[in-house]
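Beneath this line is the structure, given in structure tokens, with notes to follow.
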Amino acid sequence: MTPPMKYFLPRYLAFLLASISLLARADVPSGRVEADDFPTLQAAVDALGTTGGEVRLGAKTYWLHQPVRLKHRIRFQGVMDSKVRDSVTRIAAAPDFQGDWLFETVPVPAEKNADLNKDIFFFDLHLTGSEKVGGIKAENVDGMRLERCRLASLKEGVLVTQVTAQPRPWSWDISPGGVFIKNCIFRCFDTAIQ
């Protein structure tokens, strides 16, 4: 190895590894709460305040009686059983569930919603609804990720909409961002993704 490469390569590799580490942590919001410390998932989300954060869920079933209203910069982290390669964290609609969706973003028109419901993440979860209950309704979402999730027995899996009074084409500041889905299974009565 030439002398310049001898000094340059280790520094470059250290820089590259540090950059990858920062990117890997970029999607982890600042606050973190344990769902089991709160009476409902909504209470856990509300405890994160306006800055958002991560709701860590245990290896059990969480029964919802009403939709969880999502704010921006929220991450739900379940538990994955590596032996069966499936989530052991289940979020299900209770028999007395009052609503159409397990999760809903706060419905604010895009032009009045500067953050566009940014960064909503679901990792290692099993969502179960019914013929009348859907999984996730995301209005004006700007960056939503689902990884290693199973959405089963739902009316609809994921619905992403843009709510604005402005005519198309929309300006860049109210255009929704991407929805990223990786290693997920959808089994729905009507529509998986819309």
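Each residue of region 129-134 was assigned a 3J(HN,Hα) from its phi angle through the Karplus expression (A = 6.51, B = -1.76, C = 1.60, θ = phi - 60°), giving x, 7, 5, 10, 10, x Hz with x at Gly and Pro.
How high is the FRET efficiency from THR51 to PHE189, r the C-beta distance, R0 35 Å, rounded to 0.05?
Here the calculated transfer efficiency is 0.45.
Available extension along the chain between ASP36 and TRP63 is 8.5 nm, counting 0.36 nm per residue and deducting the alpha carbon span. Residues whose amide H lies under 5 Å from that of ILE91, counting only those 5 or more places away or on a different chain, are TYR62, HIS126, LEU127, THR128; hydrogens are built 1.01 Å from N in the peptide plane. Rounded to whole numbers, the Karplus 3J(HN,Hα) couplings from phi for region 149-157 are 10, 10, 10, 10, 6, 10, 4, 9, x Hz, using 6.51 cos²θ - 1.76 cosθ + 1.60 with θ = phi - 60°, and x at Gly and Pro. Among the listed pairs LYS83/LYS137; LYS83/LYS132; LYS137/LYS182; LYS83/LYS182, a Cα-Cα separation exceeding 26 Å is found for LYS83/LYS137; LYS83/LYS132. Sequence-ordered 3J(HN,Hα) estimates for region 38-55 from the Karplus curve with 6.51, -1.76 and 1.60 and θ = phi - 60° stand at 10, x, 9, 5, 4, 5, 5, 4, 5, 5, 6, x, 7, 7, x, x, 10, 9 Hz, glycine and proline given as x.
Annotation: amide H of GLU54 within the under-5 Å range of GLY31, ARG32, VAL33, ARG75, sequence separation 5 or more or interchain, hydrogens built in the peptide plane.
Throughout, read-outs are computed from the coordinates displayed, never taken from laboratory work. Note that the structure is a prediction, hence the values are computed from the model and not measured. Neighbour counts are summed over all protein chains in view; Cβ atoms, including those assigned to glycine, are modelled from backbone coordinates with ideal geometry.
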